[in-house]
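Here's the structure we're looking at; comments come further down.
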Amino acid sequence: DAKTTQPTSMDCAEGRAANLPCNHSTISGNEYVYWYRQIHSQGPQYIIHGLKNNETNEMASLIITEDRKSSTLILPHATLRDTAVYYCIVRPNRDDKIIFGKGTRLHILP
Amino acid sequence: DGGITQSPKYLFRKEGQNVTLSCEQNLNHDAMYWYRQDPGQGLRLIYYSQIVNDFQKGDIAEGYSVSREKKESFPLTVTSAQKNPTAFYLCASSIGRAGGQPQHFGDGTRLSIL
């Protein structure tokens, strides 16, 4: 079972920052937080991951709370191409499988 | 460009027929994975391989078989024993097993029964 809780859907205006929350209150010390997204009929795309510290790459920023019980994925300037289902995943170190929950369906509004 | 290539994109299987899905990666990754995704569902792990000539069953291996003769290739055979094969099949690879090493996915093969 997925160990994360995400809103079912969210809207964001094009050009604005999209902030996607994730609750992982039962996370343990060796578990990473991963974010993927899946556009219809395509494979999941890796976005970003982190353990304790905030992370940023060319796609997004990941903000992890100090107690690690929740995190937020930030897409700084959302475009229509960011419309997708976004999955927040908690993955133990050295665990071979990724467990995807229901994710958040993000709609970018023109 | 480096990446994971799955083929074909669409595949149809007749009753009693075995079919093989191709997965090739040029990322020099040691680990490769096969997942199945059903409509509105998450991914379920079928098989995975950490190194050439070695592989392990995932959660739903029955009715499937794999081989890992080359680092770059991890084909999946859907046998006639798999009674409900209609699904979206995804191949992934990663540098290794450690939690800080993400899995990267191909664009999938959609298998349907004729």
Exercise for the section: Determine which single condition A:PRO7 fails, assuming it passes every other condition in (1) open to solvent by 30 Å² or more (accessible area, probe 1.4 Å); (2) away from chain B (no Cβ under 11 Å); (3) without any contact (Cβ under 8 Å) to a residue 40 or more places away in the chain. Expected result: (3)
Problem - Every pair of residues 6+ apart whose Cβ atoms lie under 8 Å, when the first sits in segment B:6-26 and is among the basic types (Lys, Arg) while the second is surrounded by fewer than 12 Cβ atoms within 10 Å (Cβ to Cβ) - result: B:ARG13/B:SER112; B:ARG13/B:LEU114; B:LYS14/B:LEU114
Practice task
Kindly indicate whether any position in segment B:42-51 is in contact (Cβ under 8 Å) with a residue 24 or more places away in the chain, under 12 Å from the mean Cα position of the chain (by Cα) and either surrounded by fewer than 18 Cβ atoms within 10 Å (Cβ to Cβ) or outside any strand (DSSP E or B) (or both).
Solution key: no
Practice task
Give the number of residues within segment B:52-72 that are in contact with a strand residue (DSSP E or B) (Cβ under 8 Å, 6 or more places away or on another chain) and open to solvent by 60 Å² or more (accessible area, probe 1.4 Å).
Solution key: 4
Completion exercise
Matching residues in segment B:73-83 (part of a loop (DSSP other than H, G, I, E, B) and open to solvent by less than 40 Å² (accessible area, probe 1.4 Å)) number 4
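The values are calculated or read from the model by the stated rules, or taken from the named source; none is laboratory data. Remember, it's a predicted structure, so these values are computed and weren't measured experimentally. Here the Cβ is made from the backbone with ideal geometry for all residues, glycine too, and neighbour counts use every protein chain on show. Each accessible area value is taken on the protein alone, full model and side chains, heavy atoms only, with ligands, DNA and RNA left out. Shrake-Rupley method; radii C 1.70, N 1.55, O 1.52, S 1.80 Å.
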